[in-house]
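Have a look at the structure below, then the notes.
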């Protein structure tokens, strides 16, 4: 009888220890992966906000709407154009206001959004028709855009880089 009690007590202790171990592992997993913090609902809401910002960015470019673009860009925004030049927020807005950058078509595909805490990384393919200070911009591009959530919880674009997609055998 005493052996049965000891066995039952030992089994209960093992179950409690297993439960505590699982609870600790789950808690550590959340702390080690901050991009998953806040749960699925927060990530889903952030994804929706990024998708809206991407749509607003596209519309602002197509309509030459510098005011809408200004609201999307962080003050320290920096772009790397397909030719490799750097462009600040002020330069980007000036080009849009003056009409030096003008798009007649901008179709986006293959969008991927990844979150790292308060930073979001967006990659996509853009099929564009338009012109800029550097000449004809028409073609296919792969771009990366980086968003950071500001102190007010708004997502702002801090960085952008675009590279032309060249077909095999196509020359520069």
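A short reminder: the numbers here are calculations on the coordinates, not readings from a lab. The model shown is predicted, which means the values in this text are computed figures rather than measured ones. Positions of Cβ are generated from backbone atoms using ideal geometry, with glycine treated the same way; all protein chains shown enter the neighbour counts.
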Can you sort 161, 45 from fewest to most other Cβ atoms within 10 Å of each residue's own Cβ?
45, 161
Rank by packing, highest mean first: peptides 62-69, 122-129, with packing defined as the count of other Cβ atoms within 10 Å averaged across residues.
122-129, 62-69
Simple spin-label estimate for residue 44/residue 109, 7 Å along Cα→Cβ, in nm, reads 2.9 nm
Projected area averaged over all directions for the convex hull of the alpha carbon atoms of the stretch 38-164, nm², comes out at 7.3 nm²
Grab the Cα-Cα distance for residue 75 and residue 151, subtract it from 0.36 nm times how many residues apart they are, and report the gain in nm with one decimal.
26.0 nm
Which distance in Å, rounded to a whole number, links the C-alpha centroids of the stretch 49-67 and the stretch 105-172?
12 Å
